[in-house]
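Visitor: One structure follows; several queries about it will come next.
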Amino acid sequence: MNPSSRPTNTPSQSPPPGMVSLEVGSPTERQQDNPIWVDLTPLNRAAHSTIQEQYGLPSEAMTYFLLHYQSAKLIHAGPVLFLVTFLAIPSSRYLFTLRELKICVSSTVITTMCRPAGKALPDLVQNLPPLSHNGERIGQLLCGLLEETVRSYEAIVRTIEERRRDGVPREERQRQRKQVEKLIRFLREGQAFLGNVAREGRKLLATEESQQIKRIAERVGVLARTAWETTLERNALSASLEIPVATQEGGEA
């Protein structure tokens, strides 16, 4: 494995001697200068036990990788944090679909799995700055991953803004509004999730990294407001162009 550049499932580096105690030293001191990144996406269940033993990951955390989730979660699993978040993938029919991204963070190793498997994680990895050998930390890598998930949300909101003045039939407009409302709920949940990561991750993250995740959470909140305001603006525009439809929609609001 080359832990300084890209994830791989064929590690060649010796595993760390054990997990660093969360009770000793500051978050920055506890983080390994050259973190190890393992991507489990191409692996099967049997391969997980090998990774678990080699990198000293809790069996509880490895079990979480095998489960499916409906919403973002932050789980404490012994000395590690297990995160479930999502990438938003553009969809011509549904506006967006979600791709589950699981992240296990210890003081020395960050492990990821993206489901369903596809191009999402490789594309995400390409957009991350390469890890250096000059003091790069686990927290910085985690911030980079979370940053890229939010960029995927920003792309969906841009699509909503571009569509706001499109002349579409009433039924299609109603369907799109439901999709945007679903996105807004997802973004608000994501904002709360990121706030939890910033707060609960203090045992593993340096202060500046927690602050960065807080700023990422604030960006998600702004995206939710932008999507909502764009929907209101679009409804107002529709009302000015189509009086009978506006009257019906006004009664439903």
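The values are calculated or read from the model by the stated rules, or taken from the named source; none is laboratory data. None of these values were measured; they are calculated from a predicted model. Positions of Cβ are generated from backbone atoms using ideal geometry, with glycine treated the same way; all protein chains shown enter the neighbour counts.
Visitor: When you check residue 38 against the structure, is it aliphatic (A, V, I, L, M) and within 20 Å of residue 137 (Cα to Cα), yes or no? Steps first, please.
Guide: Numbers: aliphatic (A, V, I, L, M): yes; within 20 Å of residue 137 (Cα to Cα): yes.
In short, yes.
Visitor: Still on this structure: Return the residues of segment 104-120 that are within 25 Å of residue 137 (Cβ to Cβ), over 14 Å from the mean Cα position of the chain (by Cα) and of a type outside the set (Val, Ile, Thr); say none if nothing qualifies.
Guide: Hits for segment 104-120 are 106, 107.
Visitor: Now a separate question. Could you please give the count of residues in segment 193-222 that are in contact (Cβ under 8 Å) with a residue 40 or more places away in the chain and either in contact with a Cys (Cβ under 9 Å, 6 or more places away or on another chain) or closer than 20 Å to residue 157 by Cβ (or both)?
Guide: 9
Visitor: To continue, here is another question. For segment 62-80, what are the residues that are assigned to a strand (DSSP E or B) and over 13 Å from the mean Cα position of the chain (by Cα)? Please lay out each step first, then the result.
Guide: First, pick out the residues of segment 62-80 that are assigned to a strand (DSSP E or B): 73-77, 80.
Answer for segment 62-80, where residues must be assigned to a strand (DSSP E or B) and over 13 Å from the mean Cα position of the chain (by Cα): 75, 76, 77, 80.
Visitor: Within segment 238-245, is even one residue at pLDDT below 95 and either touching a strand residue (DSSP E or B) at 6+ places or on another chain (Cβ under 9 Å) or not in a helix (DSSP H, G or I) (or both)?
Guide: Yes - at least one qualifying residue is present in segment 238-245.
Visitor: Quick one: in segment 81-103, which of the residues that are under 15 Å from the mean Cα position of the chain (by Cα) and polar (S, T, N, Q) is surrounded by the most Cβ atoms within 10 Å (Cβ to Cβ)?
Guide: Across segment 81-103, the extreme among qualifying residues is 85.
Results for (1) modelled with pLDDT under 85; (2) under 25 Å from residue 212 (Cβ atoms), shown as yes or no for each residue.
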{"residue": "49", "(1), (2)": "yes, no"}
{"residue": "75", "(1), (2)": "no, yes"}
{"residue": "79", "(1), (2)": "no, yes"}
{"residue": "85", "(1), (2)": "no, yes"}
{"residue": "88", "(1), (2)": "no, yes"}
{"residue": "129", "(1), (2)": "yes, yes"}
{"residue": "144", "(1), (2)": "no, yes"}
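Visitor: Being in contact with a Cys (Cβ under 6 Å, 6 or more places away or on another chain), under 21 Å from residue 140 (Cα atoms), outside any helix (DSSP H, G or I) and not β-branched (Val, Ile, Thr) narrows it down to one residue among 83, 101; which is it?
Guide: Working: 83 fails: in contact with a Cys (Cβ under 6 Å, 6 or more places away or on another chain).
Of the residues listed, the single one that is in contact with a Cys (Cβ under 6 Å, 6 or more places away or on another chain), under 21 Å from residue 140 (Cα atoms), outside any helix (DSSP H, G or I) and not β-branched (Val, Ile, Thr) is 101.
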